[in-house]
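Read the structure below first, then the notes.
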Amino acid sequence: MKSLRLLTLFLILSLSPYAQELMEYNHAAPDIPKWPGILKISLGEILLGPIPPYGSAYGLIYESKIAEKQSIQAGVAILGRGPVTWVWIQTGAFPSTYVVKGMELQFEYKFYVSRRKSPVPRGWYVAPLFHFTTAQEGNLYSAQIKGSDIAMQLFDVNLIWGAQMMRKNGRGLVIDFFAGAGYKSFAAIRNLAPGYAEPYPGFGKLYTEPLNLLIGINIGWARCQKDQN
């Protein structure tokens, strides 16, 4: 019985620092949110699109923290007419019946390099960023007959450096700046008739050279609930 009492006392003394830490965490928990993630939009892709000036990309990007100072970010968007397209139509470069359609996918794995611990992903980060875009463009009548005038496909893999700014509690407006470089693969074909197409050489080095340079800004909103446990 005496041994049992000594063992119990030993366990209480051994676990007391952890119990105190747990009590402190629970006391501070109302100020630490349950952080499900951030929903964002890409301003650059709305203004210019993934393959300028051929439409804009309209979609959502979602970022979720998966480990300390690490998060994943993924997005999907559809292509359509955008501000640059409208300008080209107004100047006569594109016909008024111009249409563009397609889809873009992106994936990013962020490593935050800030020394300060934070319950939310904020501060400077480095990340690999992947994009895959497929687009079809042409006028309304050719789209009805043969699908599109020109079909394009773009894949790029990049290493970016960025900064994400948000409140310390993980709520409210989020601003995500980034820039980087990488490799891209671009291909385009011209649809001459239903079922018949040929490679289209009409794009310059800006599109076809393998070096990919990018800069962008994402705007988002984080609305997190407090941990009430």
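Only the coordinates and a few stated rules stand behind these numbers; no lab work does. Bear in mind that the values here come from a model prediction, so they are computed numbers and not experimental data. Here Cβ is always computed from backbone atoms with ideal geometry, including for glycine, and neighbour counts include all displayed protein chains.
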**Study point:** Calculated from backbone phi, Karplus (6.51, -1.76, 1.60) coupling profile of the stretch 198-203 in Hz, x at Gly/Pro
**Key:** 9, x, 10, x, x, 9
Review point. Going by how many other beta carbons lie within 10 Å of each one, how would you line up 176, 149, fewest first?
Key: 149, 176
Point to revise | Karplus (6.51, -1.76, 1.60) ³J(HN,Hα), θ = phi - 60°, over the stretch 177-182, in Hz, Gly and Pro reported as x | key: 9, 7, 7, x, 8, x
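Sort 45, 104 so the one with the fewest other Cβ atoms within 10 Å of its own Cβ comes first. List each step's numbers first, then the result.
Values: 45 26, 104 23.
Neighbour counts put them in this order, fewest first: 104, 45.
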Check your understanding: Using modelled amide H (1.01 Å from N, peptide plane; none on Pro or chain starts), what sits under 5 Å from the amide H of residue 149, excluding residues fewer than 5 places away?
Key -> 137, 138, 139
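Sort 133, 91 so the one with the fewest other Cβ atoms within 10 Å of its own Cβ comes first. Working shown, then result.
Numbers: 133 23, 91 8.
Taking fewest neighbouring Cβ atoms as first place, the list is 91, 133.
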Review point. Which ³J(HN,Hα) values in Hz, rounded to whole numbers, follow from the phi angles of the stretch 76-92 under the Karplus curve 6.51 cos²θ - 1.76 cosθ + 1.60, where θ = phi - 60° and Gly and Pro get x?
Key: 9, 8, 10, 9, x, 4, x, x, 5, 4, 4, 5, 5, 5, 5, 8, x
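Can you tell me what the convex hull of the Cα atoms of the stretch 32-226 projects to on average, as an area in nm²?
Value for the stretch 32-226: 11.8 nm².
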